[in-house]
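The values are calculated or read from the model by the stated rules, or taken from the named source; none is laboratory data. A quick note: this is a predicted structure, and the numbers were derived from the prediction, not measured. So basically every Cβ, Gly included, is an ideal-geometry build from the backbone, and we count neighbours across all protein chains shown.
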Amino acid sequence: MPFEQINGLQMYYEVAGQGTPCLFVHGGLGGGNGSATFRQFQMPRLAPHAEVIAFDRRAAGQSETPPSAYAFGVFIDDIVALLDHLGHERAVLMATSAGGPQILQCALSHPDRVGALVLGSTATQTVRVPPELASLITFLGTDGLGQLQEMFGQETSGHAASPFANFSGVLQTYLAYHLHGDPIAERLGEIRVPALILHGTADDEVPFAEGERLLNGLPHASMVPFEGGGHRIMASDPDAYAQAVLAFLCTLAV
C-alpha cells in the first residue's frame with residue numbers, strides 16, 4: 001500500500017473496502033508498529049462493510065520520523081490532510097488509547113469533517129506527567145533534544161539503523177501531548193456527533209472510569225463495556241469489538 005507525502009510527512013497508510021469511510025488513529029507515542037495491530041485484527045473484519053483507512057502516525061510504524069513539527073495541532077492536521085488526499089469530506093473517526101485525544105480534538109476543531117467517533121480504551125488525555133517531572137520533560141523535548149539525538153539517535157552510514165532512530169519523534173510527541181494538557185475534558189459537551197465507547201473493565205493503562213467520563217460527557221454517546229477486558233481489547237477480543245463497531249455504523253447516516 002502507498003507511501004504518500006501528506007502534510008509534509010512521508011506517511012504510510014492502507015485502505016480496504018467500500019462504503020462509509022472510517023479512519024483509524026492508532027495509540028502509542030511513536031515507535032512500535034503503528035497501525036499494524038488494527039490492520040491485523042480489525043481491518044479484515046470491518047472492510048467487507050465499510051471503507052477502512054489506517055495510517056501510521058509521525059515517528060511510528062512505517063511512516064517518516066521528521067526532525068520537527070510535532071505540535072498537537074499538527075497531528076490533527078495530518079488526519080484532515082489524509083481525508084483530503086483520499087477525497088473524503090466527512091468520515092467516522094476511530095481510535096484507541098493515545099489516538100483518542102486526537103480524534104476528539106479533531107471533532108472539536110473540524111466538526112464538519114467528522115460524522116461519528118469510535119473511542120476504544122481511551123480518554124480525553126492519555127499522557128499524565130507528574131508535576132515534579134514537567135519541567136524536565138519540557139527541557140528534554142526542547143533544549144535537551146539535540147543533545148539526546150547526538151547521544152542516541154545517530155545513524156552511521158553502512159550500518160543498521162539505530163534502535164533510537166525514532167527517539168526524537170517519540171520525545172517530541174510526548175511533549176506535544178503534555179503541552180496540550182486536557183482542554184478536551186471541559187468541551188466534551190460541544191461534540192454533537194454520535195460516539196461509541198469501547199472499554200475493558202480491567203484496563204490498567206487507561207482505567208475504565210475514563211471511558212465512563214466520556215460516556216457521561218459526550219451528549220450522544222453509548223458504551224459497550226468488555227467485562228474483564230484489559231487495554232488491548234481490540235486484539236484480545238477482536239470479533240466482539242468489530243461486531244460492536246459494525247452495529248454502531250448501522251445506526252449512522254454519515
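Kindly indicate which of Val52, Val92 is in contact with a helix residue (DSSP H, G or I) (Cβ under 6 Å, 6 or more places away or on another chain) and either without any contact (Cβ under 8 Å) to a residue 60 or more places away in the chain or surrounded by 23 or more Cβ atoms within 10 Å (Cβ to Cβ) (or both). Result: Val52 is the single residue among Val52, Val92 that is in contact with a helix residue (DSSP H, G or I) (Cβ under 6 Å, 6 or more places away or on another chain) and either without any contact (Cβ under 8 Å) to a residue 60 or more places away in the chain or surrounded by 23 or more Cβ atoms within 10 Å (Cβ to Cβ) (or both). Residue count for segment 33-79, restricted to those that are closer than 19 Å to His178 by Cβ and either in contact with a Pro (Cβ under 7 Å, 6 or more places away or on another chain) or hydrophobic (A, V, I, L, M, F, W, C) (or both): 9. Checking each residue in segment 13-60 for being touching a strand residue (DSSP E or B) at 6+ places or on another chain (Cβ under 6 Å) and of a type in the set (Phe, Trp, Tyr) picks out Tyr13, Phe24, Phe38, Phe55. Take the conditions (1) in contact with a Gly (Cβ under 6 Å, 6 or more places away or on another chain); (2) surrounded by fewer than 18 Cβ atoms within 10 Å (Cβ to Cβ); (3) in a helix (DSSP H, G or I); Thr173 misses just one of them, which is (2).
For segment 62-89, residues that are at pLDDT below 95, out of contact with any helix residue (DSSP H, G or I) (no Cβ under 6 Å at 6 or more places or on another chain) and hydrophobic (A, V, I, L, M, F, W, C) total 1.
Counting only helices (runs of 4 or more DSSP H) that sit completely within segment 21-138, those holding 3 or more residues that are more than 11 Å from the chain's Cα centre (by Cα) and closer than 23 Å to Asp204 by Cβ correspond to 36-41. Screening segment 176-254 for helices (runs of 4 or more DSSP H) wholly inside it with 2 or more residues that are loosely packed, with under 14 Cβ neighbours inside 10 Å returns the ranges 208-217, 238-249. In segment 230-248, the residues that are on the phi < 0 side of the Ramachandran plot form Cβ pairs under 6 Å with partners that are surrounded by fewer than 19 Cβ atoms within 10 Å (Cβ to Cβ) and of a type outside the set (A, V, I, L, M, F, W, C), at six or more places apart or across chains, as follows: His231/Glu205; Ala242/Arg45; Leu246/His49.
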